[in-house]
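Down below is the structure, laid out as C-alpha coordinates.
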Amino acid sequence: MRRFLHDNALGLVFGLGFLLALGGQAIAGHADFNSQQISHGAEPISMGAYLTSSSFGVDVAENWQSEYLQFLLYVLGTVWLVQRGSPESKKPEDIGTESDVDQLVGRHARPTSPAWARIGGVRTALYSNSLGLVMGGLFLLSWTAQSIAGWAAYNADQISTRQDPTTWLGYLGEADFWNRTLQNWQSELLAVGSFAVAAVYLRQRGSPESKPVGAEHADTADTG
Amino acid sequence: MTGTRWLFVLYLTLIVLGLAYVIVLGALGR
(Lines give C-alpha, C1' and ligand atoms only; values in the text may rest on other atoms or scores of the structure.)
Protein backbone atom coordinates (compact mmCIF):
# COMPACT_ATOMS: atom_id res chain seq x y z
CA MET A 1 0.00 0.00 0.00
CA ARG A 2 2.79 2.43 0.97
CA ARG A 3 4.57 1.48 -2.21
CA PHE A 4 1.40 2.13 -4.27
CA LEU A 5 0.98 5.59 -2.69
CA HIS A 6 4.63 6.43 -3.32
CA ASP A 7 4.66 5.19 -6.92
CA ASN A 8 1.38 6.92 -7.85
CA ALA A 9 1.67 10.11 -5.79
CA LEU A 10 1.31 12.45 -8.79
CA GLY A 11 -1.88 10.84 -10.11
CA LEU A 12 -3.38 10.41 -6.63
CA VAL A 13 -2.60 13.91 -5.30
CA PHE A 14 -3.94 15.62 -8.42
CA GLY A 15 -7.06 13.40 -8.40
CA LEU A 16 -7.70 14.26 -4.75
CA GLY A 17 -7.09 17.95 -5.46
CA PHE A 18 -9.59 17.72 -8.32
CA LEU A 19 -12.28 16.33 -5.98
CA LEU A 20 -11.65 19.06 -3.38
CA ALA A 21 -11.74 21.82 -6.00
CA LEU A 22 -14.91 20.38 -7.53
CA GLY A 23 -16.50 20.37 -4.07
CA GLY A 24 -15.46 23.99 -3.63
CA GLN A 25 -16.85 24.86 -7.06
CA ALA A 26 -20.18 23.25 -6.07
CA ILE A 27 -20.39 25.36 -2.89
CA ALA A 28 -19.38 28.63 -4.56
CA GLY A 29 -21.45 27.89 -7.68
CA HIS A 30 -24.54 27.15 -5.58
CA ALA A 31 -24.13 30.42 -3.64
CA ASP A 32 -23.57 32.42 -6.84
CA PHE A 33 -26.56 30.78 -8.57
CA ASN A 34 -28.83 31.60 -5.63
CA SER A 35 -27.67 35.22 -5.39
CA GLN A 36 -28.64 35.60 -9.05
CA GLN A 37 -31.97 33.88 -8.42
CA ILE A 38 -32.72 36.38 -5.64
CA SER A 39 -31.66 39.37 -7.74
CA HIS A 40 -34.06 38.16 -10.47
CA GLY A 41 -36.85 37.83 -7.90
CA ALA A 42 -36.80 34.00 -8.12
CA GLU A 43 -36.67 31.38 -5.33
CA PRO A 44 -33.27 30.03 -4.25
CA ILE A 45 -32.67 26.31 -4.93
CA SER A 46 -31.23 23.52 -2.74
CA MET A 47 -27.68 22.17 -3.16
CA GLY A 48 -29.20 18.93 -4.49
CA ALA A 49 -31.14 20.85 -7.13
CA TYR A 50 -28.02 22.83 -8.08
CA LEU A 51 -25.85 19.71 -8.44
CA THR A 52 -28.45 18.20 -10.79
CA SER A 53 -28.79 21.42 -12.81
CA SER A 54 -27.39 22.00 -16.28
CA SER A 55 -26.00 25.29 -14.95
CA PHE A 56 -23.55 23.32 -12.76
CA GLY A 57 -22.94 20.83 -15.58
CA VAL A 58 -22.00 23.43 -18.18
CA ASP A 59 -19.62 25.18 -15.78
CA VAL A 60 -17.78 21.89 -15.21
CA ALA A 61 -17.76 20.71 -18.84
CA GLU A 62 -16.59 24.00 -20.39
CA ASN A 63 -13.35 23.80 -18.42
CA TRP A 64 -12.83 20.09 -19.08
CA GLN A 65 -13.12 20.48 -22.86
CA SER A 66 -10.46 23.17 -23.00
CA GLU A 67 -8.04 21.10 -20.91
CA TYR A 68 -8.38 18.10 -23.21
CA LEU A 69 -8.13 20.34 -26.28
CA GLN A 70 -4.91 21.69 -24.80
CA PHE A 71 -3.46 18.20 -24.38
CA LEU A 72 -4.63 17.14 -27.85
CA LEU A 73 -3.02 20.18 -29.49
CA TYR A 74 0.13 19.82 -27.43
CA VAL A 75 0.51 16.09 -28.10
CA LEU A 76 -0.03 16.56 -31.85
CA GLY A 77 1.60 20.00 -32.20
CA THR A 78 4.87 18.84 -30.63
CA VAL A 79 5.15 16.07 -33.27
CA TRP A 80 5.53 18.67 -36.01
CA LEU A 81 6.44 22.00 -34.35
CA VAL A 82 9.56 22.67 -32.32
CA GLN A 83 10.55 25.40 -29.89
CA ARG A 84 14.32 25.65 -29.96
CA GLY A 85 15.71 25.66 -26.40
CA SER A 86 12.53 24.31 -24.77
CA PRO A 87 12.46 21.11 -22.70
CA GLU A 88 8.87 20.72 -23.95
CA SER A 89 10.10 20.42 -27.55
CA LYS A 90 11.89 17.67 -29.41
CA LYS A 91 15.11 18.44 -31.27
CA PRO A 92 14.60 20.26 -34.60
CA GLU A 93 16.13 17.31 -36.53
CA ASP A 94 13.49 14.91 -35.11
CA ILE A 95 10.42 16.69 -36.55
CA GLY A 96 7.67 14.28 -37.63
CA THR A 97 6.56 10.82 -36.51
CA GLU A 98 10.17 9.44 -36.55
CA SER A 99 11.41 6.03 -37.70
CA ASP A 100 10.21 2.61 -36.47
CA VAL A 101 13.71 2.11 -35.03
CA ASP A 102 13.46 5.28 -32.91
CA GLN A 103 9.89 4.45 -31.88
CA LEU A 104 10.57 0.73 -31.09
CA VAL A 105 7.76 -0.35 -33.40
CA GLY A 106 7.19 -3.67 -35.23
CA ARG A 107 10.36 -5.77 -35.49
CA HIS A 108 12.26 -3.01 -33.66
CA ALA A 109 10.12 -3.52 -30.53
CA ARG A 110 11.90 -4.77 -27.40
CA PRO A 111 10.88 -7.92 -25.54
CA THR A 112 9.31 -5.70 -22.86
CA SER A 113 7.45 -3.42 -25.35
CA PRO A 114 3.63 -3.36 -25.23
CA ALA A 115 2.23 -6.14 -27.45
CA TRP A 116 0.45 -3.68 -29.75
CA ALA A 117 3.73 -1.87 -30.49
CA ARG A 118 5.09 -5.09 -32.04
CA ILE A 119 2.05 -6.69 -33.66
CA GLY A 120 1.75 -4.38 -36.72
CA GLY A 121 -1.29 -3.47 -38.81
CA VAL A 122 -4.29 -1.55 -37.51
CA ARG A 123 -3.56 -2.34 -33.87
CA THR A 124 -0.07 -0.80 -33.97
CA ALA A 125 -1.39 2.20 -35.93
CA LEU A 126 -4.08 2.70 -33.27
CA TYR A 127 -1.69 2.22 -30.37
CA SER A 128 0.81 4.63 -32.00
CA ASN A 129 -1.84 7.35 -31.81
CA SER A 130 -3.73 6.25 -28.69
CA LEU A 131 -2.77 9.21 -26.49
CA GLY A 132 -3.96 11.74 -29.08
CA LEU A 133 -7.07 9.68 -29.85
CA VAL A 134 -8.12 9.51 -26.19
CA MET A 135 -7.37 13.20 -25.53
CA GLY A 136 -9.23 14.14 -28.74
CA GLY A 137 -12.14 11.85 -27.85
CA LEU A 138 -12.42 13.36 -24.36
CA PHE A 139 -12.24 16.86 -25.87
CA LEU A 140 -15.10 16.12 -28.29
CA LEU A 141 -17.16 14.39 -25.59
CA SER A 142 -16.72 17.23 -23.09
CA TRP A 143 -17.35 19.93 -25.71
CA THR A 144 -20.55 18.08 -26.66
CA ALA A 145 -21.51 17.87 -22.96
CA GLN A 146 -20.84 21.62 -22.62
CA SER A 147 -23.06 22.35 -25.63
CA ILE A 148 -25.98 20.23 -24.36
CA ALA A 149 -25.87 21.42 -20.73
CA GLY A 150 -25.17 24.98 -21.89
CA TRP A 151 -28.19 24.79 -24.19
CA ALA A 152 -30.46 23.67 -21.31
CA ALA A 153 -29.08 26.34 -18.95
CA TYR A 154 -29.44 28.99 -21.67
CA ASN A 155 -33.05 28.02 -22.33
CA ALA A 156 -33.88 28.04 -18.60
CA ASP A 157 -32.52 31.58 -18.49
CA GLN A 158 -34.42 32.59 -21.63
CA ILE A 159 -37.70 31.26 -20.21
CA SER A 160 -37.19 32.93 -16.82
CA THR A 161 -36.73 36.28 -18.61
CA ARG A 162 -39.73 35.61 -20.93
CA GLN A 163 -37.62 35.21 -24.07
CA ASP A 164 -37.82 32.46 -26.71
CA PRO A 165 -35.90 29.22 -26.07
CA THR A 166 -33.70 27.94 -28.91
CA THR A 167 -32.85 24.55 -30.46
CA TRP A 168 -29.52 22.79 -29.74
CA LEU A 169 -28.28 23.72 -33.22
CA GLY A 170 -29.46 27.26 -32.65
CA TYR A 171 -27.51 27.36 -29.38
CA LEU A 172 -24.31 26.41 -31.26
CA GLY A 173 -24.61 29.77 -33.00
CA GLU A 174 -25.32 31.73 -29.81
CA ALA A 175 -22.81 34.13 -28.26
CA ASP A 176 -23.21 32.30 -24.89
CA PHE A 177 -21.80 29.07 -26.36
CA TRP A 178 -18.83 30.75 -28.05
CA ASN A 179 -18.10 33.05 -25.11
CA ARG A 180 -17.88 30.02 -22.77
CA THR A 181 -15.81 28.09 -25.33
CA LEU A 182 -13.34 30.76 -26.36
CA GLN A 183 -12.69 32.19 -22.89
CA ASN A 184 -11.34 28.75 -21.97
CA TRP A 185 -9.42 28.21 -25.20
CA GLN A 186 -7.61 31.54 -25.03
CA SER A 187 -6.31 30.88 -21.52
CA GLU A 188 -5.03 27.38 -22.40
CA LEU A 189 -3.27 28.57 -25.54
CA LEU A 190 -1.64 31.48 -23.70
CA ALA A 191 -0.48 29.26 -20.84
CA VAL A 192 0.99 26.57 -23.10
CA GLY A 193 2.70 28.99 -25.50
CA SER A 194 4.18 31.11 -22.73
CA PHE A 195 5.29 28.03 -20.77
CA ALA A 196 7.09 26.51 -23.77
CA VAL A 197 9.00 29.76 -24.33
CA ALA A 198 9.61 30.54 -20.63
CA ALA A 199 11.17 27.10 -20.10
CA VAL A 200 13.90 28.06 -22.61
CA TYR A 201 15.26 30.65 -20.16
CA LEU A 202 13.88 29.70 -16.74
CA ARG A 203 14.64 26.63 -14.60
CA GLN A 204 12.99 24.67 -11.81
CA ARG A 205 15.61 22.54 -10.15
CA GLY A 206 14.58 18.89 -10.00
CA SER A 207 11.49 19.21 -12.22
CA PRO A 208 11.26 17.04 -15.34
CA GLU A 209 9.32 19.94 -16.87
CA SER A 210 12.52 22.00 -16.72
CA LYS A 211 16.00 21.68 -18.17
CA PRO A 212 18.84 21.19 -15.67
CA VAL A 213 19.65 24.50 -13.99
CA GLY A 214 23.02 24.73 -15.74
CA ALA A 215 21.79 23.71 -19.20
CA GLU A 216 22.42 26.17 -22.02
CA HIS A 217 19.44 28.23 -23.17
CA ALA A 218 19.89 26.79 -26.68
CA ASP A 219 19.67 23.16 -25.47
CA THR A 220 16.44 21.65 -26.77
CA ALA A 221 14.69 18.52 -25.43
CA ASP A 222 17.12 18.32 -22.53
CA THR A 223 14.98 17.68 -19.48
CA GLY A 224 16.34 17.64 -15.94
CA MET B 1 2.03 -1.67 -12.21
CA THR B 2 -1.36 -3.31 -11.53
CA GLY B 3 -2.32 -0.46 -9.18
CA THR B 4 -1.32 2.14 -11.78
CA ARG B 5 -3.47 0.46 -14.43
CA TRP B 6 -6.35 0.53 -11.94
CA LEU B 7 -5.77 4.29 -11.38
CA PHE B 8 -5.75 4.89 -15.15
CA VAL B 9 -9.03 3.00 -15.60
CA LEU B 10 -10.54 4.85 -12.61
CA TYR B 11 -9.63 8.23 -14.10
CA LEU B 12 -11.07 7.39 -17.53
CA THR B 13 -14.22 5.90 -16.00
CA LEU B 14 -14.84 8.92 -13.76
CA ILE B 15 -14.32 11.35 -16.65
CA VAL B 16 -16.65 9.48 -19.01
CA LEU B 17 -19.32 8.96 -16.31
CA GLY B 18 -19.06 12.63 -15.32
CA LEU B 19 -19.55 13.76 -18.91
CA ALA B 20 -22.42 11.30 -19.42
CA TYR B 21 -24.05 12.78 -16.28
CA VAL B 22 -23.69 16.35 -17.67
CA ILE B 23 -25.12 15.25 -21.03
CA VAL B 24 -28.13 13.63 -19.32
CA LEU B 25 -28.76 16.77 -17.22
CA GLY B 26 -28.74 18.89 -20.37
CA ALA B 27 -30.86 16.46 -22.40
CA LEU B 28 -33.46 16.35 -19.62
CA GLY B 29 -33.49 20.16 -19.65
CA ARG B 30 -32.71 20.33 -15.92
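The values are calculated or read from the model by the stated rules, or taken from the named source; none is laboratory data. This one's a predicted model, so the numbers in the text were calculated from it and none came from an experiment. We place every Cβ from the backbone using ideal geometry, glycine too, and count neighbours over all the protein chains shown.
Of note:
- Every residue from the stretch B:1-19 that is over 24 Å from A:H6 (Cβ atoms) and at the interface with chain A (Cβ under 8 Å from one of its Cβ atoms): B:I15, B:V16, B:G18, B:L19
- All positions within the stretch B:13-30 that are in a helix (DSSP H, G or I) and either loosely packed, with under 13 Cβ neighbours inside 10 Å or more than 14 Å from the chain's Cα centre (by Cα) (or both): B:T13, B:L17, B:A20, B:L25, B:G26, B:A27
Residues checked against (1) in contact (Cβ under 8 Å) with a residue 60 or more places away in the chain; (2) in contact with a Ser or Thr (Cβ under 9 Å, 6 or more places away or on another chain):
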{"site": "A:E67", "(1), (2)": "yes, yes"}
{"site": "A:L72", "(1), (2)": "yes, no"}
{"site": "A:V75", "(1), (2)": "yes, no"}
{"site": "A:I119", "(1), (2)": "no, no"}
{"site": "A:T144", "(1), (2)": "no, no"}
{"site": "A:A156", "(1), (2)": "yes, yes"}
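- Residues of the stretch A:1-31 that turn out to be away from chain B (no Cβ under 13 Å) and closer than 15 Å to B:R5 by Cα, as a count: 0
- Hits in the stretch A:169-184 (condition: assigned to a helix (DSSP H, G or I) and exposed (fewer than 15 other Cβ atoms within 10 Å of the Cβ)): A:L169, A:G170, A:A175, A:W178, A:N179, A:L182, A:Q183
- Condition check for A:D176: among the acidic types (D, E), over 23 Å from the mean Cα position of the chain (by Cα), at negative phi and assigned by TED's automatic domain parsing to the domain that holds A:T78: no
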